[in-house]
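Heads up: the structure comes next, in structure tokens.
The values are calculated or read from the model by the stated rules, or taken from the named source; none is laboratory data. Quick caveat: nothing in here was measured; it's all calculated off a predicted structure. No Cβ is skipped: glycine too gets one built from the backbone with ideal geometry, and neighbour counts run over all protein chains shown. Heavy atoms of the whole protein, side chains included, go into the accessibility calculation; ligands, DNA and RNA do not. Shrake-Rupley method; radii C 1.70, N 1.55, O 1.52, S 1.80 Å.
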Amino acid sequence: MRILIKGARVLDPGSVDEKKDVLIDGEQIAAILDPSDASPSGAVPEDTGDVQVIDAAGLVLVPGLMDIHVHLREPGHEYKETIATGLAAAARGGFTAVCAMPNTVPVNDNSQVTTFILEKARQANKAKVYPAGAISKGSAGTNLAEIRDMQQAGIKAVTDDGLPVANAQLMRRALEYCNGLAMPVFVHAEDIALVNGGAMNEGPAATFWGIKGIPSAAEAVMVARDILLSQLTGAHVHFCHISCKESIDLIRWAKQQGIRVTCETAPHYFTLIDEDVKDYDTHFKMNPPLRSEEDRQAVIQGLVDGTIDAIASDHAPHSKEEKDLEFDQAAFGIVGLETSLSLSLKLVHDGFLTLEDLVRKMAKNPARILGMNNDIISGSRADLTLIDLEKKHTIDPGRFVSKSQNTPFGGMAVQGRAVTTMVDGKIVFQHP
Amino acid sequence: MRFMKKDILDIHSLDPDEISLILDTAMGMKEISQRPVKKVPTLRGKTIVLFFQEPSTRTKLSFEIAAKRLSADSVAITKTGSSMVKGETLIDTVKNLESMRPDVIVMRHSSSGAAVQVARRVDCSVINAGDGIHAHPSQALLDMMSVRENKGRLQGLKLAMIGDIAHSRVARSNIIGFSKMGAAVSICAPQTMIPAGIASLGCTVAPTMEACVADADVIMMLRIQKERQNDVLFPTEREYAGCFGLNKARLSLAAKDVTVMHPGPMNRGVEIASDVADAACSMILDQVTNGVALRMALYYLVAGGSRHADTD
């Protein structure tokens with residue numbers, strides 16, 4: 001069975017941006033054709049019964065979106081999310097692949113857990129998973145995990161995400177070791193001592209609500225440390241969920257020095273600020289916290305000038321019970337897979353980014369960070385996303401296919417969304 | 001004027017007219033406590049639950065006596081005596097309390113915002129008796145009542161507040177309350193005790209204790225919380241007392257008729273010298289007396305007063 005995606009604006013940054021027809025044969029892109037070639041009288045018939053035609057007029061076809069920071073919660077916390085529900089949510093959000101963080105129970109710190117995750121993902125038959133393994137055994141920050149063994153099992157990055165690697169010497173060794181494996185090290189930049197039990201951004205809003213504050217410096221001091229360790233070791237450091245101006249300034253400087261660092265931010269950091277935290281609504285509680293308006297502007301500027309390479313959702317599902325608590329006791333984190341694209345498209349509608357920029361940050365660069373390609377060229381795997389840029393709609397957590405609905409964006413009016421998600425030539429999501 | 005609020009959660013959500021109404025009502029209540037028979041039938045048949053999840057002597061007793069003077073039935077439960085030690089969540093616990101049809105829940109909780117979260121989930125009135133480091137509205141109101149009674153006004157007064165502002169719900173509520181009523185609030189403490197953006201609540205930060213208390217009409221000393229000393233806020237009590245303790249010399253910089261306040265419990269010799277605490281200008285015990293009248297007023301306004309004109 002072949003699939004012909006007909007009439008879409010095909011946008012693969014650096015390669016193509018025009019109206020094309022794309023023919024998929026099996027798991028691969030077979031041909032990229034001029035629309036005339038694909039006419040009924042042309043090379044590719046649409047009436048043979050052998051070709052399924054998708055009318056994509058008015059839509060944009062882009063390389064499959066990749067979310068490189070996702071918590072799938074399985075194994076261990078299946079009540080929050082399973083690999084199957086998380087990957088279905090990814091597909092609904094337009095993502096053909098996600099990078100799954102290793103802070104499950106047990107931690108993905110050995111090849112058996114990696115193999116389990118990949119097998120579950122294969123059964124789910126939705127988006128793909130590129131697992132991240134732990135840096136340290138049990139993410140306990142003392143001994144290195146068997147990273148080479150996990151790499152052979154399929155991990156694409158390592159991180160102790162959820163926790164920082166507090167010991168700088170262990171971090172140095174991890175970077176040196178991973179550099180030899182060409183494995184990126186994802187950094188959860190947080191100085192726990194500076195966080196000191198805080199639950200939202202330190203500033204006037206936290207003072208007003210009486211919530212202990214988390215200063216930006218709690219993130220930025222670790223960013224500074226790991227920039228210097230990247231410089232020392234030559235290893236690729238990728239900073240996760242960057243939220244504040246200080247971190248972005250440091251990363252901009254590092255890139256100017258030629259230090260091998262990349263970074264991501266999440267849609268909530270360019271959409272909301274600490275002043276939006278109202279009446280102790282725990283759906284606004286995540287780590288790092290929503291920052292100030294100045295930080296939000298710095299995040300947008302970082303995306304515009306290329307300091308920030310990627311947008312990743314930090315999808316962090318939690319049950320109702322874990323959120324319906326006192327603010328300081330509620331779990332940190334929000335879901336993001338099913339809102340990320342719509343929220344990010346606002347940057348395009350508002351004129352901050354071109355659509356090409358956005359595709360780089362949500363498809364091209366995420367793949368590059370993981371050491372992969374993600375191209376619309378003949379012969380590549382057919383991981384593709386079809387986007388309707390214009391469709392206005394309201395975010396409705398009740399329609400999420402994720403197991404959890406912990407989002408601050410319920411009821412928000414947005415414009416644009418994924419309509420079709422294709423993984424290895426199979427349609428894994430089609431908007432009804 | 002009718003008081004229309006269901007709950008008393010913080011000072012921020014009260015406007016100056018509402019604050020004045022509360023203080024006026026409290027002055028009327030004060031007289032009841034001076035009678036030989038200190039009880040009126042105003043809230044007969046009303047049920048008040050005192051739900052305290054943090055240790056409290058003064059505030060809890062004050063709320064309890066206030067309920068009895070208005071003939072309401074009050075029941076007290078504590079965290080250790082509640083199902084919360086069995087793992088029941090706060091919301092489940094208060095939904096259970098609500099099923100017993102109380103008219104008012106007075107709650108104290110260690111988490112900021114707990115009373116706000118509870119108030120939007122129950123139909124009965126909620127009075128916040130202190131939540132984390134967020135708010136302690138009844139304390140701030142009784143402080144305003146005491147000062148207004150003593151000085152005849154709040155407008156134009158100069159209030160100096162010294163101590164651990166960062167970890168004090170009393171400080172937050174008083175800064176917001178006194179500034180809302182037209183007083184000028186100046187605060188002072190080591191920077192470790194000054195939270196980010198505090199000026200946005202309506203105060204100025206003085207560079208020294210001397211500058212803070214200069215010409216002050218009211219000096220409010222906050223308690224140094226010894227139990228917080230695992231978070232390093234200052235080197236020693238000795239050094240703190242030297243820089244930020246209220247002694248006779250510093251007191252002499254204030255206005256001639258200065259009033260000294262402390263929400264209690266005091267650390268004598270740390271934030272306040274014993275002789276200052278015991279001096280005639282101190283109104284620390286008046287604050288406690290007024291606390292009962294003020295809390296009677298809060299009960300009356302939310303449960304028996306103009307909000308329920310038909311039951312008045």
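Close amide H contacts of B:Ser74 (hydrogens built in the peptide plane, cut-off under 5 Å, sequence separation of 5 or more or a different chain): B:Ile48. With the convex hull drawn over the C-alpha atoms of region B:1-76, the volume per residue is 121 Å³. As a calculated quantity, the FRET efficiency between B:Glu98 and A:Asp279 at R0 = 25 Å, using C-beta atoms, amounts to about 0.80. As a test of the formula, what do you get for the protein assembly as shown when each DSSP H run with n ≥ 4 contributes -39,500 (n - 2.57) and the sum is divided by the residue count, at 222 nm and rounded to the nearest 500 deg cm²/dmol? Only helices count here, giving -9000 deg cm²/dmol. Inter-part distance, region A:204-267 to region A:66-88, computed on C-alpha centroids, equals 26 Å. For region A:202-262, the calculated P(r) over all alpha carbon pairs, in 5 Å bins from 0 to the bin holding the longest distance, is 4, 19, 26, 18, 12, 8, 7, 5, 1 percent. Once the chain from B:Cys243 to B:Asp24 is taken as fully extended at 0.36 nm per residue, the excess over their C-alpha distance is 75.0 nm.
Here the contact order of chain B, divided by its residue count and restricted to Cα pairs under 8 Å and six or more residues apart, works out to 22 percent. In this rough spin-label picture, where each label sits 7 Å from Cα along the Cβ direction, the B:Val232-B:Ser56 distance is 3.4 nm.
Rounded to the nearest 0.05, the FRET efficiency derived from the C-beta distance between A:Ile377 and A:Asn167 at R0 = 60 Å is 0.85. Its Cα gyration tensor gives region B:137-287 an equivalent ellipsoid. The semi-axes, each the square root of 5 times an eigenvalue, are 21, 18, 14 Å from largest down. Summarising the amide proton neighbourhood of A:Lys391: residues at separation of 5 or more, or on other chains, whose placed amide H is nearer than 5 Å comprise A:Gly416, A:Arg417. Surface composition of the protein assembly as shown: carbon and sulfur atoms hold 51% of the protein heavy-atom accessible area at a 1.4 Å probe. Spacing of the modelled spin labels on A:Glu119 and A:Lys19, each 7 Å from Cα toward Cβ, amounts to 5.0 nm.
Sorted largest first, the spans of the alpha carbon positions of chain B along the three principal axes are 54, 44, 36 Å.
Karplus-based coupling profile of region A:131-141, in residue order and whole Hz: x, 9, x, 6, 6, 10, 4, x, 6, 8, x, with θ = phi - 60° in 6.51 cos²θ - 1.76 cosθ + 1.60 and x standing for Gly or Pro. Against the compact-protein benchmark of 2.2 N^0.38 Å, the Cα-based radius of gyration of the protein assembly as shown scales to 1.13. Going by accessible surface with a 1.4 Å probe and the largest first, A:Phe116, B:Phe244 read A:Phe116, B:Phe244. Taking every alpha-carbon pair within region A:312-432, the share separated by more than 25 Å comes to 32 percent. Both chains summed, the buried accessible area for A and B stands near 1700 Å², from protein heavy atoms and a 1.4 Å probe. When Rg and the Kirkwood radius Rh are both evaluated on Cα atoms of region B:126-183, their ratio Rg/Rh stands at 0.98. Taking 56 Å as R0, compute the FRET efficiency from the Cβ-Cβ separation of B:Arg2 and B:Lys86 and round it to 0.05. Here the calculated transfer efficiency is 0.85. Accessible surface calculations at 1.4 Å, restricted to protein heavy atoms, place region B:1-98 at 50 Å² per residue. A 1.4 Å probe run over chain A, with the rest of the protein chains in place, finds 36 Å² accessible per residue. Sequence-distant contacts, meaning Cα pairs under 8 Å at least 6 residues apart, place the relative contact order of chain A at 19 percent. Rounded to the nearest 20 debye, the dipole size of region B:137-287 about its Cα centre is 280 debye, using +1 on the Cβ of Lys and Arg and -1 on the Cβ of Asp and Glu. For region B:216-225, the Karplus equation 6.51 cos²θ - 1.76 cosθ + 1.60, evaluated at θ = phi - 60°, returns couplings of 5, 7, 9, 10, 10, 9, 9, 6, 7, 8 Hz by residue, with Gly and Pro reported as x. Rounded to the nearest whole Hz, the Karplus-based 3J(HN,Hα) values (6.51 cos²θ - 1.76 cosθ + 1.60, θ = phi - 60°) of region A:299-315 follow the sequence 5, 4, 4, x, 5, 5, 8, x, 4, 8, 7, 9, 10, 9, 7, 6, 3, with x at glycine and proline. When only the Cβ of Lys, Arg, Asp and Glu is charged (+1, +1, -1, -1), the dipole of the protein assembly as shown relative to its Cα centre reaches about 2100 debye. Counted over chain A, the DSSP beta bridges are approximately 50% antiparallel. Straightening the chain between B:Gln225 and B:Lys39 buys 63.3 nm, computed as 0.36 nm per residue apart minus the Cα-Cα spacing. Annotation: amide H-H contacts under 5 Å for B:Val106 (H modelled 1.01 Å from N, sequence separation of 5 or more, or interchain): B:Val49, B:Leu50, B:Phe51, B:Ile127.
Accessible surface area normalised per residue over region B:137-287 is 38 Å², counting heavy atoms of protein chains with a 1.4 Å rolling probe.
Dividing the alpha-carbon radius of gyration of chain A by the rule-of-thumb value 2.2 N^0.38 Å gives 0.95.
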